[in-house]
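K.L.:
First, the structure itself, so that you have it in front of you.
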Amino acid sequence: MKKNIFLNIFSVFFFPLFFIVLIWIIKIIEIGFDTSFIQLGLFPQKISGLKGIFLAPFIHKDFNHLLNNSYPLLVLGGMLFHFYKKIAWKLLFLLCVVSGFWLWIIGRPSFHIGASGLIYSLASFLFISGIIKKDPRLYSISMLIVFLYGSMIWGILPTKEEISWEGHLSGFLAGILIALFYKNDGPQRKKHQWEIDEELEKKQQQKIKINYTVIDKYDP
């Protein structure tokens, strides 16, 4: 039993932790070798800048930027891999690509770096999914996201020049779009017995109406 619980926790948090460790290692390498990987970031409207769709989330300005992105990645990434085990990788890929591509279209002509766009896409995806599915577990997660990261909504507005609000907005919209597209996947709200009984009763009534219609039209 304990082994199964441990394996479940490990499978949920493995990738988020791996990702966080990796971005910290990259920042340490930058500082240790007195270099910068900012050129690998996303540069809008340039073909060469498309590589940043996949590379920009791994690059951060400083340790403060890195720290602020680490704990949301752990929490939101863990939620994604817990509730969407079978398609978590697909969702993560789509969230990254869609949000990154939109940023490439609307972003200012500058290097955009950091995992905040991915964080915004994860947050909006989980929040909208919880509302659409009316699943008590996802709905509670949605409320938790609002409580913990509600102030993130201001990040999609151009409040500070040094912040890529375009990346935040792109991620936010990408999460909503993908949540709508995958509304029938992942956890579904469990129906109560009375709801199942009502559906069966409605189906039975429809069959009776069809039989009545056939009888009424019968002409010997």
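The values are calculated or read from the model by the stated rules, or taken from the named source; none is laboratory data. Everything quoted here is computed from the prediction, not taken from an experiment. Neighbour counts run over all protein chains shown; Cβ positions are idealised from the backbone, glycine included.
K.L.:
With respect to the numbered conditions (1) under 16 Å from Leu126 (Cα atoms); (2) modelled with pLDDT under 95; (3) part of a helix (DSSP H, G or I), which one is the sole condition not fulfilled by Phe15?
P.N.:
Result: Phe15 passes all but (1).
K.L.:
Are there any pairs, at least 6 apart or on different chains, whose C-beta atoms fall under 6 Å, with the first in segment 60-85 and farther than 19 Å from Leu148 by Cβ and the second assigned to a helix (DSSP H, G or I) and aliphatic (A, V, I, L, M), and if so, which?
P.N.:
His60/Leu66; Tyr84/Leu91
K.L.:
Out of all the residues in segment 18-53, which are under 22 Å from Gly77 (Cα atoms), part of a helix (DSSP H, G or I) and in contact with a helix residue (DSSP H, G or I) (Cβ under 7 Å, 6 or more places away or on another chain)?
P.N.:
Phe19, Ile20, Leu22, Ile23, Trp24, Ile26, Lys27, Gly52, Ile53
K.L.:
Follow-up. More than 13 Å from the chain's Cα centre (by Cα), surrounded by 17 or more Cβ atoms within 10 Å (Cβ to Cβ), more than 22 Å from Phe19 (Cβ to Cβ) and among the charged types (D, E, K, R): does that describe Glu166?
P.N.:
Details: more than 13 Å from the chain's Cα centre (by Cα): yes; surrounded by 17 or more Cβ atoms within 10 Å (Cβ to Cβ): yes; more than 22 Å from Phe19 (Cβ to Cβ): yes; among the charged types (D, E, K, R): yes.
Criteria met by Glu166.
K.L.:
So, one more: Provide a single number: the residues in segment 129-157 that are surrounded by 13 or more Cβ atoms within 10 Å (Cβ to Cβ), of a type outside the set (A, V, I, L, M) and either at pLDDT 80 or above or not in a helix (DSSP H, G or I) (or both).
P.N.:
5
K.L.:
Residues in segment 177-187: is at least one in the same structural domain as Phe37 (by TED's automatic domain parsing), part of a helix (DSSP H, G or I), surrounded by fewer than 22 Cβ atoms within 10 Å (Cβ to Cβ) and of a type in the set (Lys, Arg)?
P.N.:
No, that holds for no residue.
K.L.:
Quick check, is Leu103 over 16 Å from Ser170 (Cβ atoms) and either part of a helix (DSSP H, G or I) or modelled with pLDDT of 90 or more (or both)? Break it down into steps so the answer makes sense when it comes.
P.N.:
Working: over 16 Å from Ser170 (Cβ atoms): no; either part of a helix (DSSP H, G or I) or modelled with pLDDT of 90 or more (or both): yes.
Against the criterion (over 16 Å from Ser170 (Cβ atoms) and either part of a helix (DSSP H, G or I) or modelled with pLDDT of 90 or more (or both)), Leu103 does not qualify.
K.L.:
Any residue at all in segment 51-59 that is surrounded by 12 or more Cβ atoms within 10 Å (Cβ to Cβ) and either among the small types (Gly, Ala, Ser) or modelled with pLDDT under 95 (or both)?
P.N.:
Looking only at segment 51-59, we keep the residues that are surrounded by 12 or more Cβ atoms within 10 Å (Cβ to Cβ), and these are 51-59.
Of the ones still in play, those that are also either among the small types (Gly, Ala, Ser) or modelled with pLDDT under 95 (or both) are 52, 56.
Checked against the condition, which is being surrounded by 12 or more Cβ atoms within 10 Å (Cβ to Cβ) and either among the small types (Gly, Ala, Ser) or modelled with pLDDT under 95 (or both), segment 51-59 yields at least one hit.
K.L.:
In this structure, is Leu66 surrounded by 12 or more Cβ atoms within 10 Å (Cβ to Cβ), assigned to a helix (DSSP H, G or I) and in contact with a Pro (Cβ under 6 Å, 6 or more places away or on another chain)? Please lay out each step first, then the result.
P.N.:
Values: surrounded by 12 or more Cβ atoms within 10 Å (Cβ to Cβ): yes; assigned to a helix (DSSP H, G or I): yes; in contact with a Pro (Cβ under 6 Å, 6 or more places away or on another chain): no.
Spelling it out, it is not the case that Leu66 is surrounded by 12 or more Cβ atoms within 10 Å (Cβ to Cβ), assigned to a helix (DSSP H, G or I) and in contact with a Pro (Cβ under 6 Å, 6 or more places away or on another chain).
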